Amino acid sequence: MEDEHCLTRELAQRDRAAWGKVYDRYVGNVFGLIYYLVGRDRAVAEDVNQEVWLLALEQVDRFDPARGEFRDWLLGIARHRALRRRRGTARDFVIHGDGTSDGLAPPQVLEESERADMVRAALLCLNDDWRAALHDKYAEGLSVAEIAVRTGRSVKAVESVLSRAREQLRALLRPYFSNPTGGYTHAPTDARSAR
């Protein structure tokens, strides 16, 4: 991958080739995250995706490579814009004890739904092999030995795949969950947020 500082300079200078490269590299991750966070509504996801790239172009000067990677900053903007859109449409949604809904959803319902969507989006970023191993282990509850039999691998190979998959999943989710020791803040300052 290109040096982050060099790439950032090119992006800040509004270099079309650099933006094209960044777009090609990250549009799948950005759109996938947005798609899940807005409730799998493709039209809304396309609209929010466009907002994210325009906002990134406007605010690229605020990106600080010393605080994290450009991809994380960009996905932070995507998360912020998608959740903002989702909360805007959640005004018609509250779950009552009897299962009916109306009004505004309680914050804990939204948070749980957002977390689940974040995990699903991160899982989609993993390669098929790693995603299948995590599914077998945690969704189906198979032991490492059972996964080894199912996949025709050795127990050590399955342990290795699971370890790499968990590590990558943690890395993908790290920017989205609170970090008490600091780290990148993924809510961009956006004058339009106050509207």
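Return yes when Gln59 is without any contact (Cβ under 8 Å) to a residue 12 or more places away in the chain and either surrounded by fewer than 15 Cβ atoms within 10 Å (Cβ to Cβ) or more than 18 Å from Arg120 (Cβ to Cβ) (or both) and no when it is not. The answer is no for Gln59. Residues Ala148, Ala78: which one is modelled with pLDDT of 80 or more, within 19 Å of Val30 (Cβ to Cβ), of a type in the set (A, V, I, L, M, F, W, C) and surrounded by 15 or more Cβ atoms within 10 Å (Cβ to Cβ)? Unique residue meeting the criteria: Ala78. A count restricted to segment 49-65 and to residues that are assigned to a loop (DSSP other than H, G, I, E, B) and aromatic (Phe, Trp, Tyr) stands at 1. When segment 125-145 is filtered for residues that are surrounded by 15 or more Cβ atoms within 10 Å (Cβ to Cβ), in contact (Cβ under 8 Å) with a residue 24 or more places away in the chain and part of a helix (DSSP H, G or I), the ones remaining, listed by number, are Cys125, Trp130, Arg131, Ala133, Leu134, Lys137.
The set of residues in segment 151-195 being at pLDDT below 50, of a type in the set (Val, Ile, Thr) and assigned to a helix (DSSP H, G or I) is empty. Considering segment 151-168, the residues that are more than 20 Å from the chain's Cα centre (by Cα) and of a type in the set (A, V, I, L, M) include one that is surrounded by the fewest Cβ atoms within 10 Å (Cβ to Cβ), namely Val155.
The values are calculated or read from the model by the stated rules, or taken from the named source; none is laboratory data. Remember, predicted model here, so these are calculated numbers, not experimental data. Neighbour counts are summed over all protein chains in view; Cβ atoms, including those assigned to glycine, are modelled from backbone coordinates with ideal geometry.
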